[in-house]
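The structure appears right after this line, and notes come after that.
The values are calculated or read from the model by the stated rules, or taken from the named source; none is laboratory data. Predicted, not measured: the structure shown is a model, and the values here were computed from it. When we count neighbours, we look across all protein chains shown, and the Cβ atoms used for this are built from the backbone with ideal geometry, even at glycine. Just so you know, the surface numbers come from the protein's heavy atoms only, side chains and all, with ligands and any DNA or RNA stripped out. Shrake-Rupley method; radii C 1.70, N 1.55, O 1.52, S 1.80 Å.
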Amino acid sequence: MNPDLHFEMQDHIAVVRLNRPAKRNALNDALVNALREVFSNLPAHARAAVVHGDGEHFCAGLDLSELQSRDAGEGMHHSRMWHSAFAQIQFGAVPVVAALHGAVVGGGLELAASCHIRVADETTFYALPEGSRGIFVGGGGAVRIPKLIGVARMTDMMMTGRVYNAADGERAGFAQYLVPPGQALEKALQLARHIAGNAPLTNHALMHALPRIAEQPADHGFITESLMSSITQAAPEAKARVDAFLQGRANKVTPKP
Ligand code: 1HE
């Protein structure tokens, strides 16, 4: 196991920590490959995962010390290596919650965007310094980040070097949750435990079908939705959960206090 990536199971939750604080958890090739390996080989009892970073920052993005002149073909393969690793996160076995703090920049933001839910603490800031480093996003950011914040905001960030703080970032759509400093990991674990209690088929549909449906033309999307809906409803677990509600044994939906 790569010492820059720490992995442990907490009951059914896989907890993955970027463990390179001296370099602000910058992602070198070995670390990107280690992420792919970890998410490709989660234990069978994993039901959800959390990704976080050691030290003062979540992740400083691409390890710039490895940025070397590559020809176009080599550059494409390098970018595809990142795609393959982050695809294992987005379209892997279990939902992944990112716990963010400090810098979430460049490839670090691309990593966060490949997770299903993002929890940020108030120290978090978001940037895409690729624009000023003379490069472009290559870890799936051009596809995933506009889905969070829109093309216009991403263009602005890369053209002008704009940095979003945690509160503005939450409003823009980077994170779904904003918590006080130091509390992102605990909140992410709490959410992961809730997710782990869902019917696995529902989680699967949310990870694998929903993003595809959202990209389909509406008339295709409606059909795919119906198929997924009938598959999840047919599972014995769905019937048991609905019966539990009807018999007063399941939580009601309650407004937030
Ligand atoms: C690094 C990296 C890195 C830090 N690659 N070594 N990403 C960036 O352009 C962001 C560059 N980093 C920063 O802006 C800052 O480091 C931070 C805001 C993240 C943190 O600041 P700070 O003051 O806490 O730390 P520092 O003093 O800048 O850095 C501490 C050490 O980490 C230092 O090394 P040292 O040997 O001098 O101690 C830094 O050189 C090192 N370090 N960030 C390599 N990124 C698939 S395409 C994706 C393309 C991108 O991600 S481009 C964006 C790259």
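Here are 196, 167: which of them is over 15 Å from the mean Cα position of the chain (by Cα), modelled with pLDDT of 95 or more, open to solvent by less than 50 Å² (accessible area, probe 1.4 Å) and farther than 16 Å from residue 102 by Cβ?
196
Might you let me know whether region 36-59 holds any residue that is within 13 Å of the ligand (Cβ to nearest atom) and without any contact (Cβ under 8 Å) to a residue 12 or more places away in the chain?
No, region 36-59 has no match at all.
Can you give me the ranges of the strands (runs of 3 or more DSSP E) entirely in region 9-119 with at least 1 residues that are open to solvent by 30 Å² or more (accessible area, probe 1.4 Å)?
Output list reads 13-18.
Conditions (1) of a type in the set (Asp, Glu); (2) surrounded by 10 or more Cβ atoms within 10 Å (Cβ to Cβ), marked per residue:
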{"position": "219", "(1), (2)": "yes, no"}
{"position": "224", "(1), (2)": "no, yes"}
{"position": "230", "(1), (2)": "no, no"}
{"position": "236", "(1), (2)": "no, no"}
{"position": "240", "(1), (2)": "no, yes"}
{"position": "247", "(1), (2)": "no, no"}
{"position": "253", "(1), (2)": "no, no"}
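For region 127-166, which residues satisfy the criterion of being of a type outside the set (Gly, Ala, Ser) and in contact with a Lys or Arg (Cβ under 9 Å, 6 or more places away or on another chain)?
Within region 127-166, 128, 145, 146, 148, 153, 156, 162, 164 qualify.
For the subset of region 132-149 comprising residues that are part of a helix (DSSP H, G or I) and within 9 Å of the ligand (Cβ to nearest atom), which member is least open to solvent (accessible area, probe 1.4 Å)?
Going through the qualifying residues, I end up with 141.
Considering region 60-78 alone, what residues qualify as being at negative phi and within 18 Å of the chain's Cα centre (by Cα)?
Passing the criteria: 60, 62.
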